[in-house]
C-alpha cells in the first residue's frame, strides 16, 4: 500500500502561499474537523487551463509539510474522490460556500482525468501534467476508476440542482465509464478457479477482487437509482454473486464468515463488501445479500476485536476445512477500520438492533485509543487521521489524505447516530 511502503520526496506546493486555507469552524460537539483536510487541499491550473481542486497525498509529522511521491505524483483521483464524497455529505453544504467551491473544483479534477477508454488516470505530477504511465496511475479497471465512478454518481444529484451544465458533463463521464464496465465485465462467464484449494470466482476485477467489486457496486447502485437499466442491474447481480462466493466459514469455523479480498487472501483495507451488499440488498430487495453481510458483521468483526485487529491473512482449503495459512497484525490503518464501522451502522439502520450500535461503538474505539498502540488515531482538535500502527504499537504520526479522510468518513457517519456517539464517548 502506498501509505506505508513508498519512497517519498519533499515537494513544496508553492501556490499555497497565495491560497490561505479557509478557517474551518467545528461545533464543539462534532468530531468531524476539516482543518487538516483544508491544509491538504489546493487549487491548481492544468496545462489546458482548467482550475481543479487537489488533495495532497502525504503530510509528514512533525510540521505536517506536504510531500509528493517520486513515482506517482502529489495528488490522485482516489483521494480527491474520497474528499468529494465527504463534502457532498456534509450537513452544511447548502450554506457553506467554501465547501461548495471545493466540491465543484474536486469534481472538475476527476472529470479532467478521465481517459478516452472511459477509465481514469490516477495521479498528477508536480508540473500539473497527468501521470499516464506508472502502474498505480494508468487508466484501467482498478480502484481509482471505481472510486471516481462512486464520486461522480454520488455528486450528480447535487449538481443537477446547483450546476446543470456540470451535471451534464458528469452524466457523460458516468455513461462512458459504465459502457466500459459493461463491455469488460458484463459478459464474463461465471467460472471459478482454485487457489491453495480455495474456490474463487474469475469474473470480478482481477478475477476474484471482491474488494474492488464492492466499490463498483456502490457506484452502480447510485447509477441505477438515478437511471435504471437492465444491464446495470445484471452487472450488480453478477458482482454481488462473486462477492458472496468469497465468503467462507461461519460463527464457529474460521474465517468466521469473512469475505476474502482477493484469491485466498483477506486484508482489512478496502473491505467494503458487507456495506455494499447491505446498501444494494436493501434497494434491490435482495435479502440474501443483506443476510450474508450481517453474517460477516456478526461473526467476523467480533473475532477481529477479540484479536485486537488484524492487517491480513491467507487461507488454504483441504476438503471442507478452510485453514489459516499465515497472518499479519500490522500495519493497522483507518482504511481498515472505517469500512467495518460503515457496515455495522448500516446494519443498525436497517435492523434497529441495539447490538449493532454497541458493535459500531466498539469498532470506533480503535480511533479513540482502544487499539494495539493504546493511542488515539484521530485528533479531533486538528482533524488529523494518523497513518497507521506498526509492529510493537509504534504509531506513524504522518497524516496523509487517505488516513485523514477515512477517519473523517468514520466520524461523519457516526455523527448521524447520536445514540452511538454517546457510547463512543
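A short reminder: the numbers here are calculations on the coordinates, not readings from a lab. All figures in this text were calculated on a predicted structure; none of them were measured in a lab. Please note: Cβ atoms are built from the backbone with ideal geometry, for glycine as well, and neighbour counts cover all protein chains shown.
For the range 197-236, just run the numbers: alpha carbon Rg, then divide by 2.2 N^0.38 Å, N being how many residues it has.
The range 197-236 yields a ratio of 1.34.
Residue 175 versus residue 323, label points 7 Å from Cα toward the beta carbon: distance in nm?
5.5
Take peptides 329-337, 122-130 and line them up by average Cβ neighbours within 10 Å, highest first, as a rough protection proxy.
329-337, 122-130
Under the rule of -39500 (n - 2.57) per DSSP H run of 4 or more residues, summed and divided by the residues of the chain, what mean residue ellipticity at 222 nm is obtained, to the nearest 500 deg cm²/dmol?
Calculated from helices alone, the mean residue ellipticity at 222 nm is -14500 deg cm²/dmol.
Quick check: residue separation of residue 381 and residue 227 times 0.36 nm, minus the Cα distance between them. What number comes out in nm?
So the chain would gain 51.3 nm between residue 381 and residue 227.
From Cα pairs below 8 angstrom and at least 6 apart in sequence, can you work out the relative contact order of the chain, rounded to a whole percent?
It comes to 15 percent, rounded to a whole number.
With all distinct Cα pairs included, what does the Kirkwood hydrodynamic radius of the range 352-425 come out to in Å, to one decimal, could you say?
The answer is 12.7 Å.
With every atom except the alpha carbons ignored, what do you get for Rg and Dmax of the range 228-341, in angstroms?
Calculated on Cα positions, Rg and Dmax stand at 14.4, 43 Å.
Using Cα springs under 10 Å in a Gaussian network model of the chain, which residue among 363, 182, 37 shows the largest mean-square fluctuation?
Its mean-square fluctuation being the largest, the pick is 182.
According to a simple spin-label model (label point 7 Å from Cα along Cα-to-Cβ), what is the distance in nm between residue 352 and residue 237?
3.1
Restricting things to alpha carbons, find the Rg to Rh ratio for the range 120-277 using the Kirkwood radius for Rh.
We get a ratio of 1.01 for the range 120-277.
Give me the mean projected area, in nm² to one decimal, of the convex hull enclosing the Cα positions of the chain.
19.4
Provide Rg and Dmax in Å for the range 43-186, with only Cα atoms included in the calculation.
Using the Cα atoms of the range 43-186, the pair Rg, Dmax is 15.0, 48 Å.
With r defined as the distance between the Cβ atoms of residue 94 and residue 45 and R0 fixed at 35 Å, what FRET efficiency is calculated, to the nearest 0.05?
It comes to 0.80.
Within 10 Å, count the other beta carbons around each residue, average over each peptide in 65-76, 183-194, 223-234, and list them highest first.
In descending order of packing, they fall as 65-76, 223-234, 183-194.
Quote the FRET efficiency, to the nearest 0.05, computed for residue 307 versus residue 394 with a Förster distance R0 of 25 Å and r equal to the Cβ-Cβ distance.
The computed FRET efficiency comes out at 0.85.
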